[in-house]
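See structure below.
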There are 2 protein chains.
Amino acid sequence: MEVIVDGLNKDLSTLSVGIAGLGLIGGSLARRFAQAGVRTLAWNHHDTPYADARAAGIECVDSLEDLAMSGVDVLFLCTPLRAMEDMLDVIAPHIPPATTLSDVGSVKTRVHDAVVAAGLGRQYVGAHPMAGSEFSGFQSSSAALLDSALWAITFDDTTDYLRYLLMARIITDTLGNTFIGLDNATHDAAAATISHMPHVVATAMVNLLQDSPECNVAAALSAGSWRDMTRVALTDPDRTQAMVEENPANVAALVREMAQRLTDVADLLDDPDNHGLELTGFFRKADPYRRFKQAQRDGRPMDSDELTVTSRSWRHELVESARRGERITRVRGIRAFDVQWQHVDD
Amino acid sequence: MEVIVDGLNKDLSTLSVGIAGLGLIGGSLARRFAQAGVRTLAWNHHDTPYADARAAGIECVDSLEDLAMSGVDVLFLCTPLRAMEDMLDVIAPHIPPATTLSDVGSVKTRVHDAVVAAGLGRQYVGAHPMAGSEFSGFQSSSAALLDSALWAITFDDTTDYLRYLLMARIITDTLGNTFIGLDNATHDAAAATISHMPHVVATAMVNLLQDSPECNVAAALSAGSWRDMTRVALTDPDRTQAMVEENPANVAALVREMAQRLTDVADLLDDPDNHGLELTGFFRKADPYRRFKQAQRDGRPMDSDELTVTSRSWRHELVESARRGERITRVRGIRAFDVQWQHVDD
């Protein structure tokens, strides 16, 4: 049964969403939708957060089946990936074709594979809000966690463009956020670079401290730089491990690259004849990135423009836009978007 | 000429200090002393900060010789180490024996060597406040940068105990901070663990991003975890390089250890038969550290006690106190201190 979801013209004032999993991200997303006046249904694998969720205007349902068959416009899976595969088996027989299926997982290739295996590929549009904290659970969630968040909205070769536009409009208009469009592989490589690999690095640093004979001395001396660099290692280690295990090839390659870069520095430091110039190269390489961050800090206004895409190669054009450093702020029409940007390589 | 500096009984209401170098740390220290009503003299290698410094109650002098001969109780060197060696040659002929010489450098062995080479070892007590930011210069300094700061006050086999007590009282009573006592080698190893090595790691991460073909995509996706982990890489890279080059053996060894830990994780991720259990060990190893940080976050009160030391082995006893996780909050008497602690291995 083919159902047309007209994501371009859908009246967002009648939007309804379902949230499966009221953890940190699911809870924050549910709160933000409810705050925006969107009818928000939610299910969690235990009902501990329901009283607080209901107080925040979220309608809690008894079962995942109930949520799947509720007829919401978009159903977001907000649980760890390892739970999603079983959930998809429960959802698949009940979810109406008009409901668009999405998720907020930090790794997209494996979610997409699981969705396709459950026969739901045609109604799926993946999403990943770049937001989080070292805390977990609904009790740590807040609508403000998504303030100024950038999302990746992902696609593969079969993604329905009109459903993609629905997601794009919800994220920009309803949630007040921005997004970039990425294929699953590009997303997972970039997410490994700025999140999964850094979590491994932070964990390795606290392990090193923990194993040090001067553990207490070092911990006492630690100040802002250590605190900030190891904050993510305070995350629930099971959650971090699950995230890393969902993206193993990308993470392994990047962690190895970090190890090589660190070994190169150690070799320079151990060679008294060789320091200066090459070490200067190491410390100065990222000057373009420093200038980019300085421009952000100075509040330099972003450039803005309109992006138009074609029906044939919208996927490629969205990825190229993201590669130029653009983020999409609004859906202007069937193939037109407002974009803003600031480049690292300015 | 032997001069007794009675650091135990010195009336701190008549304290005067000199600050050589009005950068981020020297400027913040000068502001904090001035705010505490201490007569604060300062010199800088250019007079750009003098107008603002004078407005903050700091007396600026024309030359380093003037500062050296001013007769302040403690003269703090607050410049990069590479400038200190020449400065010590200027200071040595002019500094009265009653002035205690100190510094705020993040590496102590080499400063101490330079001080001894200048013939000033007997009047030197090294110090290192654990405070900083990614900014530089007097314009970024503030008395509040030292709020709640822990200092290391360092010693070697010839350090004068009464001058050591003077520094201890100034840091606790006048500045309202706490300290631990460390020999130079223990200090430099611990500082490499929680500051110098992490600076190299953060720099390697931004270099990796900078070199990535998906640089703009990754930068766009980056959120809190990346921002916090790379903040110190936004530091002036010359300052970071100088810091690392002052402590090369410790930094090289720790950077190599990080590389090995990361390679081990990559090996586990690349071996599909081997993941689970060993990866769990990696992610869970630092659970004691996580509990320690959680206790801090919960505001669990620190334990407190009195520490007494002997005239013969006060150095060893102070280091052992630091190794137990104690910090000194007050000088109670000639060989008695108040201490507080929270252990990582609780």
Exercise. What is the local net charge at B:TRP226, summed over the other residues whose Cβ is closer than 12 Å to its Cβ (Lys, Arg +1; Asp, Glu -1)?
Worked result: +2
Exercise. What is the Cα centroid distance between the stretch A:70-98 and the stretch A:185-199, reported in whole angstrom?
Worked result: 25 Å
Problem set entry | Theoretical FRET efficiency, 1/(1+(r/R0)^6), r = Cβ-Cβ of A:ASP157 and B:ASP305, R0 56 Å, to 0.05 | 0.25
Exercise. So how tilted is helix A:287-297 from the main axis of chain A? Cα-based, degrees 0 to 90, rounded to 10.
Worked result: 50 degrees
Exercise. Quick one: putting +1 on the C-beta of Lys and Arg, -1 on the C-beta of Asp and Glu, what dipole do you get for the stretch A:72-154 around its Cα centre, in Debye to the nearest 20?
Worked result: 160 debye
For this session: May I ask for log10 I(q)/I(0) of the protein assembly as shown at q = 0.05 Å⁻¹, from a Debye sum over the Cα atoms as equal point scatterers with solvent left out?
Result: -0.29
Exercise. Quick one: net charge of B:CYS60's neighbours, Cβ under 15 Å, K/R +1, D/E -1?
Worked result: -3
For this session: Please state the charge dipole magnitude for chain B, taken about the Cα centre, from unit charges on C-beta atoms (+1 on K and R, -1 on D and E), reported in debye and rounded to the nearest 20.
Result: 940 debye
Exercise. For A:GLN260 and A:VAL116 in the same chain, what is the full-extension length gain: residue separation times 0.36 nm, less their Cα-Cα distance, in nm?
Worked result: 48.1 nm
Exercise. How large is the dipole of the stretch A:189-294 about the Cα centre if only Lys and Arg carry +1 and Asp and Glu carry -1, each at its Cβ, rounded to the nearest 20 debye?
Worked result: 620 debye
Seminar exercise, completed: Taking alpha-carbon centroids only, the stretch B:301-317 lies from the stretch B:113-136 a number of Å equal to 23 Å
For this session: Please identify, among B:THR109, B:THR263, B:THR79, the residue showing maximal mean-square fluctuation in a Gaussian network model of chain B using a 10 angstrom Cα cutoff.
Result: B:THR263
Exercise. If we hang a label 7 Å off Cα along the beta carbon direction at A:GLY71, how far is it from the matching labels on the other copies, in nm, shortest first?
Worked result: 9.2
Exercise. For the pair A:ASP273 and B:ASP271, what calculated FRET efficiency results from E = 1/(1 + (r/R0)^6), where r is the Cβ-Cβ distance and R0 = 45 Å, to the nearest 0.05?
Worked result: 0.70
Exercise. Taking A:LYS108 as the anchor, which lysines have their alpha carbon closer than 29 Å to its alpha carbon, excluding any fewer than eight residues away along the same chain?
Worked result: A:LYS10, A:LYS293, B:LYS285
Problem set entry | Added length on full extension, which subtracts the Cα-Cα distance from 0.36 nm per residue, B:HIS94 to B:SER63 | 10.0 nm
For this session: Return the average number of partner chain Cβ atoms within 10 angstrom of each residue Cβ along peptide A:124-135.
Result: 2
Exercise. A:THR203: net charge of surrounding residues, Cβ under 10 Å, Lys/Arg +1, Asp/Glu -1, itself excluded?
Worked result: +3
Exercise. Between the helical axis of A:314-323 and the dominant principal axis of chain A, each derived from Cα atoms, what acute angle in degrees is found, rounded to the nearest 10?
Worked result: 30 degrees
Exercise. Can you give the mean number of other chain Cβ atoms that lie within 10 Å of the Cβ atoms in peptide A:243-256?
Worked result: 5
Problem set entry | Position A:PRO272, label points 7 Å along Cα→Cβ, spacing to each other copy in nm (shortest first, one decimal) | 5.1
Seminar exercise, completed: Computed over chain A: longest principal axis from alpha-carbon atoms vs helix A:275-284 long axis, angle to nearest 10 degrees, is 20 degrees
Exercise. Label-to-label distances across copies for B:GLY299, with labels 7 Å out along Cα→Cβ, in nm, shortest first?
Worked result: 3.2
Seminar exercise, completed: Simple spin-label estimate for B:ARG332/B:ASP11, 7 Å along Cα→Cβ, in nm, reads 2.7 nm
For this session: May I ask you to list the trypsin sites (Lys or Arg not before Pro) in the stretch B:11-80 that are in a DSSP loop and have at most 13 other Cβ atoms within 10 Å of their Cβ?
Result: none
Exercise. Based on the Cβ-Cβ distance of B:ALA295 and A:ASP211, what FRET efficiency does E = 1/(1 + (r/R0)^6) give at R0 = 25 Å, to the nearest 0.05?
Worked result: 0.80
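Read the figures in this text as sums done on the coordinates, not as results from a lab. Because the structure is predicted, anything quoted here is derived from the model rather than measured. Note: ideal-geometry Cβ built from the backbone for every residue, glycine included; neighbour counts use all protein chains shown.
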